[in-house]
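One structure is given below, encoded as structure tokens.
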Amino acid sequence: MNFETKYLIRWGIPGWVFIFWLFFYFSFVQNDYSEFVKNVPLLISLIVAGVPLGYLIYQVYFVCFWSFRTKDSLNRFRTELGDKFSTDANFGKLYENRNKDYYYLEHVWHSMLLEQDEGVRAYLEGRYRHLLSTIHGVGTLFVSTTGSLMLIFFLLVRSLITGEEPSLFYIGIVMQSIILVATSFNYRYFSDNLRAFQINMLNKYLS
């Protein structure tokens, strides 16, 4: 997969999902479906806008789930691997050191990769890349769905105040809630999978 396609998918999907729910509201709830379908330039603009919107959503995800990451996942490496991983007893325990600790983890991980045979290194890099990309994709979709669900709730309140029939809102809310729960579980699963993969490989390397 080339650069353009990879990032088109990564950033496009969350942006298109967010826009879809706006389309759902204005077309079906507001009974303007025919107007949207006939307005081809608007539809094309929405499709194109999905990519930069998805990029912005990705930035929000990265700040919330990585830049402000909790210390728990880092502490797990020290707990599982002990002094052979780091002699710092406070590794992963202090929130203010989370970035420094994470950089150290990356250093040890890449040092391990560099000492592997080419075939083994290629497999480990591919597996790591797959898990990390999946985590970012699911996490971004989670943020996109959360944002659109909040918007739907806001529009639901607005519809109730104005006396509009909000029955289709509930269908959208149920669908979004299912997606939100699914992405939440998947994010946790793949995050645990990646940590277990790294811990097992580092345990073997550091022995």
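The values are calculated or read from the model by the stated rules, or taken from the named source; none is laboratory data. What you are looking at is a predicted structure, and each value in this text was computed from that prediction instead of being measured. Cβ sites come from the backbone with ideal geometry, for glycine too, and all protein chains shown count toward neighbours.
Every residue, every condition in (1) without any contact (Cβ under 8 Å) to a residue 40 or more places away in the chain; (2) closer than 17 Å to Phe197 by Cβ; (3) crowded, with 18+ Cβ neighbours inside 10 Å, yes or no:
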{"position": "Gly92", "(1), (2), (3)": "yes, no, yes"}
{"position": "Arg98", "(1), (2), (3)": "yes, no, yes"}
{"position": "His107", "(1), (2), (3)": "yes, no, no"}
{"position": "Leu141", "(1), (2), (3)": "no, no, yes"}
{"position": "Thr145", "(1), (2), (3)": "no, no, yes"}
Which condition from (1) exposed (fewer than 11 other Cβ atoms within 10 Å of the Cβ); (2) among the small types (Gly, Ala, Ser); (3) farther than 20 Å from Asn193 by Cα is the one that Ser177 breaks? (1)
Among the residues of the range 86-124, write down those that are among the charged types (D, E, K, R) and assigned to a loop (DSSP other than H, G, I, E, B). Asp88, Lys93, Glu115, Asp117
Can you confirm whether the range 139-159 contains a residue that is of a type in the set (Lys, Arg), in a helix (DSSP H, G or I) and over 30 Å from Met201 (Cα atoms)? yes
Is it true that Leu149 is at pLDDT below 90, surrounded by 15 or more Cβ atoms within 10 Å (Cβ to Cβ) and either of a type in the set (A, V, I, L, M) or under 23 Å from Tyr7 (Cα atoms) (or both)? yes
Going through the range 66-90 one residue at a time, which ones are polar (S, T, N, Q), within 15 Å of Arg195 (Cβ to Cβ) and surrounded by fewer than 16 Cβ atoms within 10 Å (Cβ to Cβ)? Thr70, Thr79
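For every residue, the table says whether it meets (1) among the aliphatic types (A, V, I, L, M); (2) in contact with a strand residue (DSSP E or B) (Cβ under 8 Å, 6 or more places away or on another chain); (3) farther than 23 Å from Leu149 by Cβ; (4) modelled with pLDDT of 75 or more.
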{"residue": "Glu4", "(1), (2), (3), (4)": "no, no, yes, no"}
{"residue": "Leu8", "(1), (2), (3), (4)": "yes, no, yes, yes"}
{"residue": "Gly15", "(1), (2), (3), (4)": "no, no, no, yes"}
{"residue": "Phe20", "(1), (2), (3), (4)": "no, no, no, yes"}
{"residue": "Tyr25", "(1), (2), (3), (4)": "no, no, no, no"}
{"residue": "Val29", "(1), (2), (3), (4)": "yes, no, no, no"}
{"residue": "Ser34", "(1), (2), (3), (4)": "no, no, yes, no"}
{"residue": "Pro41", "(1), (2), (3), (4)": "no, no, yes, no"}
Would you call Tyr170 part of a helix (DSSP H, G or I) and either at pLDDT below 80 or acidic (Asp, Glu) (or both)? yes
